[in-house]
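Okay, so here's the structure we're looking at.
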Amino acid sequence: MVNVLCCAISEDSFHQPHLVKPSCSVFFISSISIRIQHCTTMGVGISFLIALKATILFIFFLYLKNLTYTFFSLPFLYASLVDFLVSIASHPSIDLPILLGKNPDGTFPIWSFLIFFPYLYFVRLFSALRRLRSGEPPYTEVDDGLYVGGWPASPHMMPPGEPAIVDCTAEFPRLMEFSGLPYRCIPTWDTRSPQPADIESAVKWAIGKRQLHRPVFVHCAYGHGRSVAVMCALLVALGITEDWKNAEKLIKQKRPYIRMNALHRKALEEWSRHRLSTPKKH
């Protein structure tokens, strides 16, 4: 992250603003992508990373304000305040994904876009750049008719067979192109875990769709954490694996870059102890 700060607020850029190049913004997002992968593995979640981004934006605000560019500094101030709010609401001790206002049908109300657009559009841009960098398939079939993957930003990112969708994101909308497909949303912050009750609810719903011989697609932002936790539970509930640990191994064999964290595993342990779903083969 030091290289990001150097790009954004180097000494030369303070004294010679024309030296700040447009490419810095892309470099900024690309660098954060690398750090998020590292920090997720190390157990540092979205609240810390978004707070760091908010701090950088606030520094930009102060920089422009000190140059008497007050009008141009205000968007940076607003974006930093939005990010600080998101960082607080996404902290594990609070965990309030309802803050963004995502509806059960996957849409966002107008007020949410008006208030949170700096964050909502940043995560979309970040997602697009990260996918370009990774080259990972948008989805993976882990068992017959069961798919796990990232947010389907276009129709070609959707698995075949008009699948039922389990959406584990709080930050991405369901596209209009998919409005005719069965849909279930359990909004969850990135790097956080769905609650055991939400996992159970999604699993029961997905089992019902599989009984109708419809494919099921479970997705989060990238198909690495939130969606993998739900898919692990679904594989157990369908009797495909004995427990979530074996389910994780099965998924990792087919989608190598998954990375569940301690929160995902804790939720699965609790779900395993109290689950209500009856195991059955599909």
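All of the numbers you see were taken from the coordinates with simple rules; none came from a lab. Please read these numbers as outputs of a predicted model, since none were measured by experiment. Note that we place each Cβ from the backbone using ideal geometry, even for glycine, and neighbour counts take in every protein chain shown.
In terms of the mean number of neighbouring beta-carbon atoms within 10 Å, the peptides 181-188, 66-73, 113-120, 155-162 order highest first as 181-188, 113-120, 155-162, 66-73.
Listing Asp190, Asp95 from fewest to most neighbouring C-beta atoms within 10 Å gives Asp95, Asp190. Using the Cβ-Cβ distance between Glu162 and Lys266 with R0 = 30 Å, the FRET efficiency computed as 1/(1 + (r/R0)^6) comes to roughly 0.30. Each other residue within a Cβ distance under 11 Å of Phe126 adds +1 if Lys or Arg and -1 if Asp or Glu, for a net charge of +3. Under 20 Å of direct C-alpha separation, and excluding same-chain neighbours fewer than eight residues apart, Lys245 reaches these aspartates and glutamates: Glu141, Asp143, Asp144, Asp198, Glu200, Glu269, Glu270. Residue-wise HN-Hα couplings along segment 81-97, as the Karplus relation 6.51 cos²θ - 1.76 cosθ + 1.60 with θ = phi - 60° gives them from phi, are 5, 4, 5, 4, 5, 5, 5, 6, 5, 8, 5, x, 6, 10, 6, 10, x Hz; Gly and Pro carry x. Among 226-234, 125-133, 143-151, the peptide with the highest mean count of other Cβ atoms within 10 Å heads the list, and the full ranking is 226-234, 143-151, 125-133.
A simple count of charges around Glu162, restricted to other residues whose Cβ falls under 13 Å of its Cβ and scoring Lys, Arg +1 and Asp, Glu -1, yields +1. Per residue, the average separation of C-alpha pairs within less than 8 Å and at least 6 apart gives segment 138-274 a relative contact order of 29 percent.
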